[in-house]
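What follows is calculated from the coordinates using simple rules that are stated; it is not laboratory data. Predicted model only: the values in this text are computed from it and were never measured. With ideal geometry, Cβ positions are generated from the backbone for all residues, glycine too; neighbour counts draw on all protein chains shown.
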Amino acid sequence: MKNFLPLFLIAVGVFISSASFAQQNQAENEFENIRPFRIGVKSGIPNLISANVEYVLPLLNRKFAISADYFRINMDTGDFGFDTEEGAEIMEQEFDYFEAGLNYYFFKPGKGLYAGISYANYGLNGNLPGFAENENGARGDGYLDFSNNSINIKAGAKWGGFFYFRPEVGYAFNPFPSNLPMRVEYEDGTIENQELNLDADSGFLDMIFNGLIYNIGIGFSF
């Protein structure tokens, strides 16, 4: 019995060391299988369609990743179904969107379910010919130059390997407003500040004004 005890302790030590080594190798192999660079596109609200990049940080068990989105487009606001109260449409409008933040993956390094927090900036500028008429009967063109900043929270999931798919939902704490400041320049040289009241009959705009974030993304990991 005395001779058996040292052998038993040695066997237990070898087993624990082997299990620990196997677990370490499994973790290292799991980390090696992570493709940390992700490049893709997202389409939804309020980003419309944006380029997206993400990088999984090589620390803290690779549960954290930094992410950024960017989008810019020139468009006619009438394409989205909202006009001013006077019935005119914004022309030569430019919309840009930038977002950057941090994602935390709950269960697996760099994949699966995650939650994120981010900073976003929405920019809108353009002109509206014949926006208003003053008391002298002079017509005035409206000029819009607006920027909106917000802190956003999101939840999503990344599925796939080389090719991936990701849905996201979230909320913007400072959503895009339905009334925008407008500078009006009249033909007689006078200038005044007014507001552009956007018609939110469309469900698309209602969701933006209420702070809803929803998008679906696809892309490639490297």
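Tabulated values for the structure
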| item | result |
| --- | --- |
| FRET E, pair Leu59, Phe173, Förster distance 35 Å, beta-carbon r, rounded to 0.05 | 0.80 |
| Reachable lysines from Lys63, criterion Cα separation under 27 angstrom, eight or more residues apart if same chain | Lys42, Lys108, Lys111, Lys154, Lys158 |
| Whole-number Å³ per residue for the convex hull built on Cα positions in region 90-222 | 123 Å³ |
| Protection proxy ranking, peptides 144-157, 180-193, average beta carbon neighbours within 10 Å, highest first | 144-157, 180-193 |
| Selected from Phe222, Gly170, Asn197, residue furthest toward positive end of dipole (region 132-222; charges at beta carbon) | Phe222 |
| Hydrodynamic radius by Kirkwood, which averages 1/r over all alpha carbon pairs of region 105-169, in angstrom | 15.9 Å |
| Ala155-Ile73 pseudo-label distance in nm [points 7 Å out on the Cα-to-Cβ vector] | 2.8 nm |
| Peptides 68-74, 123-129 ordered by average Cβ neighbours within 10 Å, highest first | 123-129, 68-74 |
